[in-house]
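Worksheet: one structure, shown below.
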Amino acid sequence: MSGEHNPELSPTERSIVDLIDEAAITALTTALVEAPSENPGGTEGAAVEVLEKACRALGFDVDTHEVAAGRPNLIATLPGGDGPGLMFLGHSDVVPAGPNWTADPYIVRNRDGRLYGRGTTDMKGGIASVVAAMSVLSRARDHGVELSGPVRLVCTVDEEEHGIGVRDFVGRPADHDFLGCIVAEPTDMQIVRGCRGASYIEIDVTGRAAHSGRPADGRSAINAAAAIVEIIRADHEHLHETLDDLLGCGTWNVGTIQGGQGISVVAPTCSLGIDRRLMPFEDPHAIAEDLRKAIRDKKIDSDGISVDVRVTMEMPGFATAADHPLVTAAVGSVTDAGTATSVGGWSAACDGGFVSRDLGIPSIVLGPGNINTDAHQPDESVAVADLVTAAKAYTLAGLRLLG
């Protein structure tokens, strides 16, 4: 149990926060990690089963729904009053373990106060912290606190790949209003009130093959693709002329290029794989249409060249006002949980963009662990103390927003 007393806490808050059980957080994180759920692979079912069992044992209302075979979303709800609730968002999938681990990535090691294993930071530890917070909030009534609305954990599949889990979730009818959503991704307990979105734009260019000794007889798809890359490069520079204080600007990156038939053949085909990071107000389909227009205006898709432009992935961005109650409550809660924090933006994307855009729920990202130094790395790890701090902060946020 936590024995630290923070002088900024009220006696009631202190009595509830002191119920947080470090051993339970460690045990649930361990159980979740040791139920591998690599993506690609579609193997989240075992981890969700562990989470479901834990949530049911704590008395939460639990619902699971298969988005695809063996890939269930989970929604666990701690009931409260009829007012707007507080949502927590996480995901059950992890990236593949990959090489260079010093031990089995799916057998958790507890060493020097850190848990090692794939998913400890991103983000099974954060999910365990949410469950711990909900557990003590379920006992708030014993301390004279009635929650004005429900507290809900939404755990989706496929966050690391195509987002089919969150797309399914936001596409279902809402059964309650929520004043805010905390995405428990690893931010080192810094408060992220805005994220850029992400999209993939894929381009196929078709020309006409010919002998390289007479290139004029053909139409080079590679030359046309190079001209398209130049349009993208120029727009990338143009975007940087106007920077948002929170999120900077959208960006382009041509990540892959494949084309040609042989060195002595005019290239009949070429394909580009492009990452376009999005500002919260940007629509990737509108961006793709603008790119098509620029290609037409420069007459790249003429004289035997055809170009197909399509959006193959999109994850919206979001921005929540700095003075929104969710943000201010989070600042006070993290600080009073005993750690320093800041408020800013994230260049990465996360499922919170769908919750913000499609459900209209103000969102922030706040969680234990460091996404840059720990997530997606060999020997991924998270400090147990950080998991406890996160559970404290989530508990205080729940009490202050709903209590």
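The values are calculated or read from the model by the stated rules, or taken from the named source; none is laboratory data. Not measured: the values here are computed from a predicted model. Because the Cβ atoms are built from the backbone with ideal geometry, glycine has one as well, and the counts that use them run over all protein chains shown.
Checked against the criterion of being in contact (Cβ under 8 Å) with a residue 40 or more places away in the chain and assigned to a strand (DSSP E or B), the range 285-305 contains not a single residue that satisfies it.
Being over 30 Å from Ala225 (Cβ atoms) and of a type in the set (Val, Ile, Thr) is the filter here, so list the residues in the range 176-208 that pass it. Steps first, answer last, please.
Narrowing the range 176-208 to residues over 30 Å from Ala225 (Cβ atoms): 176-195.
Residues satisfying the conditions are Ile182, Val183, Thr187, Ile191, Val192.
Restricting the range 153-165 to residues that are in contact with a Gly (Cβ under 9 Å, 6 or more places away or on another chain) and among the aliphatic types (A, V, I, L, M) leaves a set whose member that is surrounded by the most Cβ atoms within 10 Å (Cβ to Cβ) is Val157.
Residues in the range 167-187 that are in contact with a Pro (Cβ under 8 Å, 6 or more places away or on another chain) and not aliphatic (A, V, I, L, M): His176, Asp177, Phe178, Gly180, Cys181, Pro186.
Taking Ile75 as the residue in question, decide whether it is closer than 23 Å to Leu179 by Cα, among the β-branched types (Val, Ile, Thr) and either assigned to a loop (DSSP other than H, G, I, E, B) or under 19 Å from the mean Cα position of the chain (by Cα) (or both). Answer is yes for this residue. In a loop (DSSP other than H, G, I, E, B), surrounded by fewer than 23 Cβ atoms within 10 Å (Cβ to Cβ) and at pLDDT 95 or above - does that describe any residue in the range 109-127? There is at least one residue in the range 109-127 that is in a loop (DSSP other than H, G, I, E, B), surrounded by fewer than 23 Cβ atoms within 10 Å (Cβ to Cβ) and at pLDDT 95 or above. Residues being under 29 Å from the mean Cα position of the chain (by Cα), farther than 26 Å from Val192 by Cβ and of a type in the set (S, T, N, Q) are represented in the range 263-275 by at least one member.
Residues that are hydrophobic (A, V, I, L, M, F, W, C) and assigned to a helix (DSSP H, G or I) within the range 372-396 comprise Val384, Ala385, Leu387, Val388, Ala390, Ala391, Ala393, Leu396, listed in sequence order.
Pro40 fulfils the conditions (1) within 18 Å of Ser138 (Cα to Cα); (2) touching an Asp or Glu at 6+ places or on another chain (Cβ under 8 Å); (3) loosely packed, with under 14 Cβ neighbours inside 10 Å except for a single criterion, (1).
For (1) part of a loop (DSSP other than H, G, I, E, B); (2) closer than 14 Å to Ile164 by Cβ, each residue gets a yes or a no:
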site: Pro36; (1), (2): yes, no
site: Glu49; (1), (2): no, no
site: His65; (1), (2): no, yes
site: Gly83; (1), (2): yes, no
site: Leu86; (1), (2): no, no
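Of Val183, Val229, Val170, all but one fail to be more than 22 Å from the chain's Cα centre (by Cα) and either crowded, with 16+ Cβ neighbours inside 10 Å or under 30 Å from Ser306 (Cβ atoms) (or both); the exception is Val229. Consider Ile222 carefully, then state whether it is part of a strand (DSSP E or B), modelled with pLDDT of 95 or more and in contact with a strand residue (DSSP E or B) (Cβ under 6 Å, 6 or more places away or on another chain). No, not satisfied. Which residues, taken from the range 348-370, are surrounded by 20 or more Cβ atoms within 10 Å (Cβ to Cβ) and assigned to a loop (DSSP other than H, G, I, E, B)? Across the range 348-370, the qualifying residues are Ala349, Cys350, Asp351, Ile361, Pro362, Leu366, Gly367, Pro368, Gly369. Restricting attention to the range 272-308, the residues that are surrounded by 15 or more Cβ atoms within 10 Å (Cβ to Cβ), among the hydrophobic types (A, V, I, L, M, F, W, C) and within 30 Å of Gly345 (Cα to Cα) total 7. Exactly one residue out of Gly398, Gly360 is farther than 28 Å from Arg109 by Cβ and either touching a strand residue (DSSP E or B) at 6+ places or on another chain (Cβ under 8 Å) or at pLDDT below 95 (or both), and it is Gly398. Go through (1) over 22 Å from Glu161 (Cα atoms); (2) modelled with pLDDT of 95 or more; (3) over 23 Å from the mean Cα position of the chain (by Cα) for Ala330 and report which single condition fails. Every listed condition holds for Ala330 apart from (3). Arg56 meets all of the listed conditions (1) part of a helix (DSSP H, G or I); (2) more than 27 Å from Tyr106 (Cα to Cα); (3) of a type in the set (D, E, K, R) but one, namely (2).
Considering the conditions (1) free of Cβ contacts under 8 Å to residues at least 24 places away in the same chain; (2) in the same structural domain as Arg208 (by TED's automatic domain parsing); (3) assigned to a loop (DSSP other than H, G, I, E, B), Glu282 is excluded by exactly one of them, (1).
So which of Ile231, Ile203, Ile222, Ile257 is free of Cβ contacts under 8 Å to residues at least 40 places away in the same chain and among the β-branched types (Val, Ile, Thr)?
Working: Ile231 fails: free of Cβ contacts under 8 Å to residues at least 40 places away in the same chain; Ile203 fails: free of Cβ contacts under 8 Å to residues at least 40 places away in the same chain; Ile222 fails: free of Cβ contacts under 8 Å to residues at least 40 places away in the same chain.
One residue alone meets the criteria, Ile257.
Please work out if Ala321 is assigned to a loop (DSSP other than H, G, I, E, B) and among the hydrophobic types (A, V, I, L, M, F, W, C). The answer is yes for Ala321.
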